[in-house]
Amino acid sequence: MAQYLKRGASAEAKVDADRRVRDVVEAALADIERRGDAAVREMSVKFDGWDREDYRLSQAEIDAAVDSLTSQERKDIEFAQAQVRNFARIQRESVKDVEVETLPGVVLGHRNVPVNAAGCYVPGGKYPLLASAHMSVITAKVAGVKRVITCAPPFQGTPARAIVAAQAMAGADVIYALGGIQAIGAMALGTQTIDPVDILVGPGNAFVAEAKRQLFGRVGIDLFAGPTETLIIADEVGCDPELAATDILGQVEHGPDSPGVLLTNSEKLARATMVEIERLLQILPTADHARKAWDAFGEVIVADSYEEMVSIADAIASEHVQVMTADPDYFLANMTNYGALFLGPRTNVSFGDKVIGTNHTLPTKKAARYTGGLWVGKFLKTCTYQRVTSDAASALIGEYCSRLCALEGFAGHGEQANVRVRRYGHREVPYAGQAEPSELTVA
């Protein structure tokens, strides 16, 4: 039986917070749909203190942002983007078009067709998260999306130069300095100056995630990417208190609503990690954010066995799962609900967030039960087609289709089949609704 040495906020508290966010977002999106650019501008001024004549950045502004990078900054961004692009290309190559003759004269297939326009959100109000530009824009471009637009909020009163540069270097077609609900609403719904997109992708705060949720159906979305979540799975062989504490605090600094959980089979390691977290919070520059998140949403769980740890981890369904145990591959083989796994002490969530090449836009709030993270496949529509190449095949399929339509009472559907049987089977069959067609032997 698992023992909880520390629990996070109650489910009721989370529901209340979600309800408040939902109401704000619903009103904001309705205003954007009604008033377009005027509503977007008012929200940008209200929430970000940001106004300018045109939120679209000019080519001169984009060039200036790229030129402002030092030689080392440019090399670092290029290295990270090369890793993301390479893995995205490997993923794209694994997605194959299909065409097969399933019966004589019956050809079925599917094509993987890119969406025409994608809107990529890059968070940047608190920290300029330029890595999100790599993850979204590059992935969309590798998938073959023709028009990719980006939105990122201003940083300290101006477009964040590193984000702008990363967006441009990743291949964005249009770049806007716009954040929050107003950015998501503008990209999805369109305004007088911003053309709508087909899919929205990218992480963000609770308001951004809720805006995407409410807009799903009007546009596609990648997934529900709310506040960052991290789960550390550890034992005394694979981990020590410093590693566990560092990897928790390294993620909960995202914001005061970011859960950080330690799951272990060692009470000794659990208690030592809690002490180490308190020590690190005295010296961590981002301790203000990390402290709030740890106090409100941090959890420490001691399980009896690997099997119980897997069961608990799958129930949590965390966005990030860092596994530092004697046998990390046991969790790779047995876990089913996670956004991304980071196996062994030599890797960590920050590598995945910034540079290693896998995508950092991952499911949160238990969405890992039914989806993985952002990848090229999110920008592709798998569209089927069929072709019947012989009279015999059309008549054969028509016979089966006609009888099945009669079972359902769909006379019009049945007649679509019957007319093919009459025409290509070279025999008379009753019109739908008169009588069921008899068996037909097709040469």
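Restricting attention to region 138-171, the residues that are in contact with a Ser or Thr (Cβ under 6 Å, 6 or more places away or on another chain) and not basic (K, R) total 1. Considering only residues that are in contact with a strand residue (DSSP E or B) (Cβ under 6 Å, 6 or more places away or on another chain), under 20 Å from A183 (Cα atoms) and open to solvent by 40 Å² or more (accessible area, probe 1.4 Å), which ones fall in region 106-132? Result: P128, single match. Summed over region 349-382, residues that are touching a His at 6+ places or on another chain (Cβ under 6 Å) and outside any helix (DSSP H, G or I) total 1. Within region 143-177, the set of residues being farther than 23 Å from V40 by Cα and more than 16 Å from the chain's Cα centre (by Cα) comprises G144, V145, K146, A162, A165, A166, A168, M169, A170, G171.
Residue by residue, here is whether (1) of a type outside the set (D, E); (2) at pLDDT below 95; (3) under 22 Å from G202 (Cβ atoms); (4) surrounded by fewer than 18 Cβ atoms within 10 Å (Cβ to Cβ) holds:
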{"site": "F331", "(1), (2), (3), (4)": "yes, no, no, no"}
{"site": "K366", "(1), (2), (3), (4)": "yes, yes, yes, yes"}
{"site": "T382", "(1), (2), (3), (4)": "yes, no, no, yes"}
{"site": "Y385", "(1), (2), (3), (4)": "yes, no, no, yes"}
{"site": "H426", "(1), (2), (3), (4)": "yes, yes, no, yes"}
{"site": "L440", "(1), (2), (3), (4)": "yes, yes, no, yes"}
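Look at E278 and say whether it is in contact (Cβ under 8 Å) with a residue 24 or more places away in the chain, acidic (D, E) and surrounded by fewer than 19 Cβ atoms within 10 Å (Cβ to Cβ). Considered against the rule, which asks whether it is in contact (Cβ under 8 Å) with a residue 24 or more places away in the chain, acidic (D, E) and surrounded by fewer than 19 Cβ atoms within 10 Å (Cβ to Cβ), E278 comes out as no. Of all the residues in region 75-113, those that are of a type outside the set (S, T, N, Q), under 26 Å from Q386 (Cα atoms) and part of a helix (DSSP H, G or I) number 2. How many residues, within region 277-297, are of a type outside the set (A, V, I, L, M, F, W, C) and within 13 Å of G250 (Cβ to Cβ)? Qualifying residue count, region 277-297: 3.
Taking the listed residues G226, G202, G250, G217, the one that is in contact with a Cys (Cβ under 7 Å, 6 or more places away or on another chain) and not aliphatic (A, V, I, L, M) is G202, with no other qualifying. Restricting attention to region 156-176, does a residue exist that is among the polar types (S, T, N, Q), touching a strand residue (DSSP E or B) at 6+ places or on another chain (Cβ under 6 Å) and open to solvent by less than 10 Å² (accessible area, probe 1.4 Å)? Yes, region 156-176 contains at least one residue that is among the polar types (S, T, N, Q), touching a strand residue (DSSP E or B) at 6+ places or on another chain (Cβ under 6 Å) and open to solvent by less than 10 Å² (accessible area, probe 1.4 Å). Determine, yes or no, whether R271 is touching a residue at least 24 places away in the same chain (Cβ under 8 Å), surrounded by fewer than 19 Cβ atoms within 10 Å (Cβ to Cβ) and under 30 Å from L380 (Cβ atoms). So R271 does not fit the description; no.
Residue-by-condition table, conditions (1) under 24 Å from Y370 (Cα atoms); (2) part of a helix (DSSP H, G or I); (3) charged (D, E, K, R):
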site	(1), (2), (3)
S258	yes, no, no
V261	yes, no, no
T273	no, yes, no
I277	no, yes, no
I283	no, no, no
M309	yes, yes, no
Q322	yes, no, no
A333	yes, yes, no
T336	yes, no, no
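Restricting region 238-256 to residues that are part of a loop (DSSP other than H, G, I, E, B) and among the small types (G, A, S), which is farthest from D327 (Cα to Cα)? Among those residues, the one meeting the criterion is G255. Being touching a residue at least 12 places away in the same chain (Cβ under 8 Å), in a helix (DSSP H, G or I) and over 30 Å from N348 (Cα atoms) is a condition met by at least one residue of region 215-233. The set of residues in region 195-251 that are among the basic types (K, R), open to solvent by 30 Å² or more (accessible area, probe 1.4 Å) and closer than 25 Å to A315 by Cα contains only R213.
The values are calculated or read from the model by the stated rules, or taken from the named source; none is laboratory data. What you see is a predicted model; the values in this text were computed from it and never measured. Because the Cβ atoms are built from the backbone with ideal geometry, glycine has one as well, and the counts that use them run over all protein chains shown. The protein model used for the area step is the full one, side chains on, heavy atoms only, and it has no ligands, DNA or RNA in it. Shrake-Rupley method; radii C 1.70, N 1.55, O 1.52, S 1.80 Å.
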